[in-house]
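Worksheet: one structure, shown below.
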Amino acid sequence: MYTAIEFYNASFNRLKLSSRLIGAGLWEKQEGILWGRVASVMQIVLFLTLHAWTGYKYRYDALQMLETQSLICTGAALMIKYFTMIRNPAPVRELSGNIETQMYTKYQEMSPEYPVVLKYGRVLYIAGHIMIGGYFGSLFIIWINPLIMYFKEGRVMLLFFCEIPYVDWTVMKGYWTTVILQLFFYITGTCGLILVDYLCAYFTINGSLYVDILRFHLDELSELLASPGYQTRNSPEIMAKVSRKWRMCLVEHQRIVEYYDNFSDLWSMINLAQVGCSVFGICINMLIIFLTDWYAAYAILFALFIDLSVHFVLGAIIERKVDDLHISLMHFPWYLMDDRRQKEYKLLLLRAQQPSGMSIAGLTPVNYETYTQIMKMLYQLFALAMNFLK
């Protein structure tokens, strides 16, 4: 059985491996030009350029043009996510470094907080397996689609409908040149999606850990306040414990506020890109499914839908945890404290009533209500596109 720090290190190593594979350099303090980053940027630009060129080539055939654009929204979203990450490596390092030192290193196996830390370390580890398995499962379906079409209909197909100018993929040499380039696109794109989306889950889960540790300490403080030694004010030891525990709770609450504010600022534009590109990408692939027999569109649609849904599930988790913290503060026996600490408690409660969590470019929160509105808008967009094509 792994310990909490071992679960955390295994999860964090996945993020660092994904960062190295695509040259993001989020945790590598290197000076000068990062050639891995340059290579990834060139791949993203080339991916979008080839999709745009292929769409222009088949502009007179609506169905073929739709197939050429099945992944362009994913590429656009990934480009925005990638540039956001490489422009802000310092906040990512700061947040992840604080998590390790303030939680997993601080609360070891003999501490009373360890069961809470172990639970979230295990959740983070399992979530990584699920997300990575989901992405590579969709990738595998896209990979075997050419084989299915070859054995079922005798047709030779590319992994996705994206051609290279002046390369004839209907001949053997051109086909393998195009497929190898597409494989590079897929591997880079999948590693990029794993890095950004798993990093979002990483910050969300560990933010919940911050909240539950504070709630754990509030429960301990409640027991101390209700003890006879504090009520009669005749136990200096308990009085000192109450003072230390209350100061700890104030510091932890300030830490949570700063953590969620920094996380929200970092992910604000990523959420906007995710929503906008996913809506159009889902709509395009739904049209492809209804109008053609390209089976890979099912895998792409599934990956886009899950990718969009995961962000809103994570946003809803943050919102729920902030509400749980607010409820814990409301139930806290503040009336047992002295006048000075009661004033501090009022300030604490006032700050807790202000909303914290992820937002879409500061326009609307990332929660289930927003998700429902986006699904309605997606259906309207799909119905409008179907009527236009008919």
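Worth pointing out:
- In this structure the amide hydrogen of Ser359, modeled in the peptide plane, comes within under 5 Å of the amide hydrogens of Val366, none closer than 5 places in sequence on its chain.
- Max mean-square fluctuation residue, GNM over the chain, Cα-Cα springs under 10 Å, options Val167, Val45, Val313: Val167
- CD proxy at 222 nm, helix term only [per DSSP H run n ≥ 4: -39500 (n - 2.57); per residue of the chain; nearest 500]: -27500 deg cm²/dmol
- Label-point gap, in nm, between Val257 and Met65 - each point 7 angstrom along Cα→Cβ: 5.3
- Here the contact order of the range 4-389, divided by its residue count and restricted to Cα pairs under 8 Å and six or more residues apart, works out to 21 percent.
- Carbon/sulfur fraction of accessible area - the range 4-389, other protein chains in place, 1.4 Å, %: 66
- The range 1-76: chymotrypsin sites (Phe, Trp or Tyr not before Pro) in DSSP loop, at most 12 other beta carbons within 10 Å: Tyr60
- Nearest-20 debye value, the chain charge dipole, Cβ charges on Lys, Arg, Asp, Glu: 280
- Over the chain, accessible surface divided per residue gives 50 Å², non-protein components excluded, 1.4 Å probe.
- Largest mean-square fluctuation among Ala62, Ala297, Ala273, in a Gaussian network model of the chain whose springs join Cα atoms under 10 Å apart, belongs to Ala62.
- Spacing of the two label points (7 Å from each Cα toward its C-beta) at Asp265 and Met248, in nm: 2.9
- When each full DSSP H helix of the chain is screened for a Cα extent of at least 18 Å along its own axis and an average Kyte-Doolittle hydropathy of at least -1.0, the helices passing are 4-21, 35-57, 72-87, 114-153, 172-226, 236-291, 296-331, 368-389.
- Subset of Lys245/Lys321; Lys321/Lys346; Lys81/Lys346; Lys29/Lys119; Lys81/Lys152 violating a 29 Å alpha-carbon distance limit: Lys81/Lys346; Lys29/Lys119; Lys81/Lys152
- Projecting the Cα atoms of Ile300, Tyr345, Leu325 onto the charge dipole of the range 292-390 (Cβ charges, centred on the Cα centre) puts Tyr345 farthest toward the positive pole.
- These residues, Thr292, Thr190, Thr170, go from largest to smallest accessible area, 1.4 Å probe, as Thr170, Thr292, Thr190.
- Cysteines of the chain lacking any other cysteine Cβ under 4.7 Å from their own Cβ: Cys162, Cys191, Cys200, Cys249, Cys283.
The values are calculated or read from the model by the stated rules, or taken from the named source; none is laboratory data. Just so you know, these numbers come straight off a predicted model, no measurement behind them. When we count neighbours, we look across all protein chains shown, and the Cβ atoms used for this are built from the backbone with ideal geometry, even at glycine. Note: areas computed on protein heavy atoms with side chains; ligands, DNA, RNA excluded. Shrake-Rupley method; radii C 1.70, N 1.55, O 1.52, S 1.80 Å.
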